[in-house]
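A.B. asks: Could you have a look at this structure, given as structure tokens, before my questions?
The values are calculated or read from the model by the stated rules, or taken from the named source; none is laboratory data. As the structure is a prediction and not an experimental result, all values here were calculated from the model. Methodologically, a virtual Cβ is constructed for each residue, glycine included, from the backbone with ideal geometry; neighbour enumeration extends over all protein chains shown.
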Amino acid sequence: MSDSEDEMIAKLSDYLDDALPQAERAEIARKIESDAGWKAAHAELAETRRALSGLHKAHAPGSFTQDVTSTIHKRSAGRFFARRTLGDRVPFGALVVLAVLGLAVVAYLMWASQTGSLKVDHQAGSAAPGSSVQPTTPP
Amino acid sequence: MSELERSLLRRLRDRDERAFRELLEGHRDRVYNITFRMLGNRAEAEDVAQEVFITVFKTIDTFREESKFSTWLYRVTVNHCKNRIKYLARRHDRDRDELDETNAGGEGVNGSIGGPRPAAPDRALEGAQLEKLLQDAIARLDDDHRVVVVLRDVEDLSIEEICEITGLPDGTVKSRLHRARLVLRKKLQSHV
């Protein structure tokens, strides 16, 4: 390959990459218009670039993420990406809400119950038949 | 760097497994496409792409946010590809030597990453044939030239990004790009 051809391709490559100053770009555009050699080389180079950018985009296999995390799991001796009963993350927030709701239900049941220990017995000491204790009279 | 990217990085540094899955989902196809175009073989590409993400998981603390995260990720990708190309070349040489010793005068090992040439060159510039022809031509470039042409013409990254990824000066990237395009142009010409 001659130096002039090498230089021509370099200029055309920069031209296609839009990496030339305005004046030089205009000069190359003029050469492409007027010179058959430049015109052909430009067309071929542009076609090569078009073909390269038109290559189909290869997609990673569907199992890729699983494969990567499994490998990390193995190599880290189980420290990372272990399988968990509750999925990837233990839903601590949801568990706390459930626990609070459960406690509230238990508290309500105890309060509402006749014998619940949380119920305030307003009648204590007045007329409850079973609860009345006869004062013992000293001998 | 966007706030979203910073947040993802913080979580990655904390070894947040969900963050790592997000990273994988967001970048796996692009990384795989680069490894596939660099290596020309799906099995090798998948293996190298996996190693890229494992390296990212292990070494995320070394990313100092002096560049975009994607730039760092592609640098890791390119380095892994170059290492694999060297490894495959060494293995190919070793296999060929062994074959020469045991089967002097026999058929050579097909070391072409892209596989055999298309059987019908007159129709090679159409569809899948052109794809195969180009992939074969890319695989025959030396790795320094292959990197720049894949990043620029296949992945459409800017020259500046390629300089950051490869650590090469602007002029070197451009001259390698010119050279690679010239070789590819000649390959295509010879099949027209």
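A.B. asks: Does B:PHE53 satisfy the condition of being more than 20 Å from B:LEU157 (Cα to Cα), at the interface with chain A (Cβ under 10 Å from one of its Cβ atoms), touching a helix residue (DSSP H, G or I) at 6+ places or on another chain (Cβ under 6 Å) and in a helix (DSSP H, G or I)?
C.D. replies: The answer is yes for B:PHE53.
A.B. asks: Follow-up. How many residues are acidic (Asp, Glu), modelled with pLDDT under 85 and assigned by TED's automatic domain parsing to the domain that holds B:LYS186 when one looks only at segment B:105-141?
C.D. replies: Of the residues in that region, 2 qualify.
A.B. asks: Next up: Please state which of the following conditions B:THR102 fails to meet, knowing it meets all the rest: (1) farther than 25 Å from A:ASP6 by Cα; (2) at pLDDT 75 or above; (3) among the hydroxyl-bearing types (Ser, Thr, Tyr).
C.D. replies: Only one criterion in (1) farther than 25 Å from A:ASP6 by Cα; (2) at pLDDT 75 or above; (3) among the hydroxyl-bearing types (Ser, Thr, Tyr) is unmet by B:THR102, namely (2).
A.B. asks: Among the residues of segment A:27-43, is there at least one that is more than 30 Å from B:VAL31 (Cα to Cα), surrounded by 12 or more Cβ atoms within 10 Å (Cβ to Cβ), of a type in the set (D, E, K, R) and within 10 Å of another protein chain (Cβ to nearest Cβ)?
C.D. replies: no
A.B. asks: Next question. Scan segment B:44-54 and give yes if some residue there is outside the structural domain of B:ALA139 (by TED's automatic domain parsing), in contact (Cβ under 8 Å) with a residue 40 or more places away in the chain and among the β-branched types (Val, Ile, Thr), otherwise no.
C.D. replies: no
A.B. asks: OK, next. So, B:ARG10, is that one within 14 Å of chain A (Cβ to nearest Cβ), surrounded by fewer than 20 Cβ atoms within 10 Å (Cβ to Cβ), in a helix (DSSP H, G or I) and at pLDDT 90 or above or not?
C.D. replies: Numbers: within 14 Å of chain A (Cβ to nearest Cβ): no; surrounded by fewer than 20 Cβ atoms within 10 Å (Cβ to Cβ): yes; in a helix (DSSP H, G or I): yes; at pLDDT 90 or above: yes.
So B:ARG10 does not fit the description; no.
A.B. asks: Under 6 Å between Cβ atoms, at least 6 apart or on separate chains: pull out the pairs that start in segment A:96-122 with a residue that is basic (Lys, Arg) and end on any residue that is outside any loop (DSSP other than H, G, I, E, B) and at pLDDT below 90.
C.D. replies: What qualifies is A:LYS119/A:TRP111.
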